[in-house]
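To start, the structure under review is shown below, and the notes come after it.
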């Protein structure tokens, strides 16, 4: 199945995006109309562009897909405002395997992790 990055503008949150799957952009858009991750955007407010890297990943466990998104340029902020991006992937895989387990290890200090303006790092 073809993957598409669907995005919509929200006046409070800015540009919102998610990956959706469909044989065409129109089918992908139809599958995400009203989704809260796109600010409940309507069909005409949603833009789609191909994400060939994510083709056939629709059945991948969500936790693994989050890491694939990071590898392909996505980033987001954790609840405490810390940025997670592609540079964080090796640490996620070493300390937890999923973004949520990595974050728990960081918050609970069960892994030697630090954070600076350059992002997460392994403490020596």
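The values are calculated or read from the model by the stated rules, or taken from the named source; none is laboratory data. Worth saying up front: this structure is predicted, and the values here are computed from it rather than measured. Cβ: placed from backbone, ideal geometry, glycine included. Neighbour counts: every protein chain shown.
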Review point. (1) touching a residue at least 24 places away in the same chain (Cβ under 8 Å); (2) closer than 26 Å to residue 12 by Cα: which one isn't true of residue 58, the others all being true?
Key: (2)
Practice item. Name, by its number, the condition in (1) under 20 Å from residue 1 (Cβ atoms); (2) in a helix (DSSP H, G or I) that does not hold for residue 74. Key: (2)
Exercise for review: Please tell me if residue 120 is touching a helix residue (DSSP H, G or I) at 6+ places or on another chain (Cβ under 6 Å) and touching a residue at least 24 places away in the same chain (Cβ under 8 Å).
Suggested key: yes
Exercise for review: Please list, ordered by first then second residue, the pairs with beta carbon atoms under 6 Å, 6 or more apart or interchain, first in the range 97-113 and closer than 20 Å to residue 124 by Cβ, second assigned to a helix (DSSP H, G or I) and modelled with pLDDT of 90 or more.
Suggested key: 102/92; 111/105; 113/106
Practice item. Please determine, by comparing only the residues of the range 75-97 that are at pLDDT 95 or above and buried (at least 16 other Cβ atoms within 10 Å of the Cβ), which one is farthest from the chain's Cα centre (by Cα). Key: 91
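Assess whether residue 23 counts as being surrounded by 11 or more Cβ atoms within 10 Å (Cβ to Cβ) and either touching a residue at least 60 places away in the same chain (Cβ under 8 Å) or part of a loop (DSSP other than H, G, I, E, B) (or both).
It is false that residue 23 is surrounded by 11 or more Cβ atoms within 10 Å (Cβ to Cβ) and either touching a residue at least 60 places away in the same chain (Cβ under 8 Å) or part of a loop (DSSP other than H, G, I, E, B) (or both).
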Study note, to complete from the structure: Flagged in the range 91-105 as within 15 Å of residue 64 (Cβ to Cβ) and in a helix (DSSP H, G or I), in numbering order, are 92, 93, 99, 100, 101, 102
